[in-house]
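Shown next, in C-alpha cells, is the structure this report addresses.
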Amino acid sequence: MATIKERTIEFASIQLDANIIELDRQEKFNRAGWDKCSKFGILGLPIPLEYGGSGADIMTTLQALEGLGCGCKDNGLIFAMNAHLWAVELPILTFGTADQKQKYLPKLCQGEMIAAHAISEPEAGSDIYSLKTTAVREGDNYILNGRKMFVTNAPVADLILVFATVEPLQGKKGITGFLVEKDLPGLAVKSLSKMGLRTAMMGEITLNNCQVQIENRLGREGGGFGIFSHSMEWERGAILASAVGTMERLLKRCLDYAKTRQQFGQPIGKFQLISSKLVEMKMRLETARALLYQFAELKQMGKAAHLEAAMAKLQISEAWVQCCLDAIQIHGGYGYLTEFELERELRDALGSKLYSGTSEIQQQTIAQFMGL
Ligand SMILES: Cc1cc2nc3c(=O)[nH]c(=O)nc-3n(C[C@H](O)[C@H](O)[C@H](O)COP(=O)(O)OP(=O)(O)OC[C@H]3O[C@@H](n4cnc5c(N)ncnc54)[C@H](O)[C@@H]3O)c2cc1C
C-alpha cells in the first residue's frame, strides 16, 4: 500500500499543476490549489475528526507535508497553508473554547475560511514582546488599536489571530490573543509585494478602534505569551517539512541533469566538483529530514521540543537555500532562466531564514539551551 508521502506526491504532481511562473509573476494567490488541497485533507491533517480534520498524528502529518513539497512546485501555496495550519488552527485547537473550536475549526479544515497570524509589528520583529498594539477592555468588548506587519494570508484571510497587549507595562504577561474576523469595522489590510513566495499573499494590518467581543478572546487575558510560544514550537518544528520534500525534488532534478548534460565529451556529473556538490546536497537533505523526524518523534511522545524545533528550523532553512544555490550552479546559465524555475525556488527559499524567527534567533535559542 502506498505511504501517505507517496499518496500526497501523486496528488500534488497530478492536481497542483497550475502555471506557477505566471502566478508568481502576477503575485496571485492559488485559490484553485488551496481548494484542491483542502479537499485532499491537507488543511485539517492534525486536527481531530470531530472538528472536521483528518486526525493524523504528527509524524503522518509531516510526511504528508513532505510529500506535498516533493510533488508541488508552488512553495507560496504550501507556505500559505502552513501559516494557516500551525499558527491559527493549532492554537484554536489547543487554547480555544468549545464554541470557538466548533465555530472555526471545521471551516478552517475545509478551507472555507483562510486564517492569518498577526503578531509582528513595524517596530517589533525579533523582539516580539515589545509589541505596541493595545486591547482595552470596555464592558464585554476589547477595543484594539495598532499596526501589524508582514502578515501572511492577510489580504485573503477571513480570520486573523491578532496579538495585542492589555497592559503594556506588564511586558509579555500583558499579551493576549484575539480571533478577529475580516469584516470588522476599523480593520484595514494593505497588500505587500515581496521577493519570493509570491503566491502567498502578505499584508500590513491597521486596527483602528476595532471592537472585538470577549468571546473572541483566545485563551485567558495575558495568556498570549503561552499561546505564541506554543505555536512557535510547532511552527518552527513543522513549517519546513515541505521544504525537505522540495529539496528531495530538486536533488532528483539535479541528478538527472548531471547525468545527461554533456560537456567536454562526458556527463557533467562525472566532474568531481559537480558530484561533490550533489553529495553535499544529499547530506544536507538527510540531516534536515533527520532533524524534522526527531522533532516529530518527541512531539509524538508528548514531550517538549523547543530546542529540536529551533534546530530543525535552522538546519532546514539554511540547507534549502544552499540546495537552491547549488541547483542553479549545476544547471549553469539555464539555472538562471525563469522558465527553468530554479531562480523562483531560490527566492522562495530565502524567506525561510526570516519567518518564524530568523536564523540568528534560532541560533540564539539553541545557544540558550546550551547554557550560553
Ligand atoms: C515571508 C515572511 C512571512 C512572514 N509571515 C508572518 C506572519 O504571518 N505573521 C507575523 O506576525 N509575522 C510574519 N513575518 C515576520 C517575521 O516573523 C519577522 O520578519 C521576523 O521575526 C524578524 O523580524 P524583523 O523583520 O522585524 O527583523 P528584526 O527583528 O528587525 O531583525 C533584523 C536583523 O537583526 C537580527 N537580530 C535581531 N535581534 C537579534 C538578536 N537578539 N541577536 C542576533 N541578531 C538579531 C535579525 O536576525 C535580522 O537579521 C513574516 C516574515 C517573512 C519574511
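The values are calculated or read from the model by the stated rules, or taken from the named source; none is laboratory data. Just so it is clear, the structure is predicted and the values come from calculations on it, not from any experiment. All Cβ positions, even for glycine, are placed from backbone atoms using ideal geometry, and neighbour counts span all protein chains on display. The area values use the complete protein model at the heavy-atom level, side chains included, leaving out ligands, DNA and RNA. Shrake-Rupley method; radii C 1.70, N 1.55, O 1.52, S 1.80 Å.
In table form, for the structure just shown:
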quantity: By average C-beta atoms within 10 angstrom, highest first, the peptides 43-55, 317-329; calculated: 317-329, 43-55
quantity: The chain: relative contact order in percent, alpha carbon pairs under 8 Å with at least 6 residues between; calculated: 16 percent
quantity: Percent accessible area from carbon and sulfur atoms, segment 4-114, protein chains only, probe 1.4 Å; calculated: 51 percent
quantity: Rounded percent of accessible protein surface that carbon and sulfur make up, segment 240-369, 1.4 Å probe; calculated: 58 percent
quantity: Base-10 log of normalised Debye intensity for the chain (one unit scatterer per alpha-carbon) at q = 0.06, 0.11, 0.12 Å⁻¹; calculated: -0.23, -0.74, -0.88
quantity: Choice from Met311, Met195, Met301 with maximal GNM fluctuation in the chain (Cα, 10 Å cutoff); calculated: Met301
quantity: Estimated distance in nm for a label pair at Leu49 and Glu286, the labels positioned 7 Å out from Cα along Cα-to-Cβ; calculated: 3.8 nm
quantity: Phi to ³J(HN,Hα) by Karplus 6.51 cos²θ - 1.76 cosθ + 1.60 over segment 190-196, Hz, x for Gly, Pro; calculated: 10, 6, 10, 8, 9, 5, x
quantity: Linear extension gain, Thr97 paired with Gln15, 0.36 nm per residue minus alpha-carbon span; calculated: 25.9 nm
quantity: Structure-based [θ]222 nm, the chain - -39500 (n - 2.57) summed over DSSP H runs of at least 4, per residue, nearest 500; calculated: -15500 deg cm²/dmol
quantity: 5 angstrom amide H check on Thr133, placed H, neighbours 5+ away; calculated: Arg147, Thr165
quantity: Part-to-part distance (alpha-carbon centres) for segment 253-273 and segment 129-169, which is given in Å; calculated: 53 Å
quantity: Mean Cβ neighbour count within 10 Å, used as a protection proxy, ranking 98-104, 334-340, 36-42 highest first; calculated: 36-42, 98-104, 334-340
quantity: Lys pairs, segment 260-372 - Cα-Cα below 19 angstrom, 8 or more residues apart or on other chains; calculated: 5
quantity: Per residue solvent-accessible surface (Å²) - segment 240-369, probe of 1.4 Å; calculated: 48 Å²
quantity: Spherically averaged projected area of segment 25-167 from its Cα convex hull (nm²); calculated: 10.0 nm²
quantity: Set of lysines with alpha-carbon distance to Lys173 below 20 Å, sequence-local pairs under 8 removed; calculated: Lys132, Lys148
quantity: Whole-number accessible area per residue in Å² for segment 4-114, which is evaluated in the context of all protein chains at 1.4 Å; calculated: 38 Å²
quantity: Cα centroid of segment 173-204 to Cα centroid of segment 62-118, whole Å; calculated: 15 Å
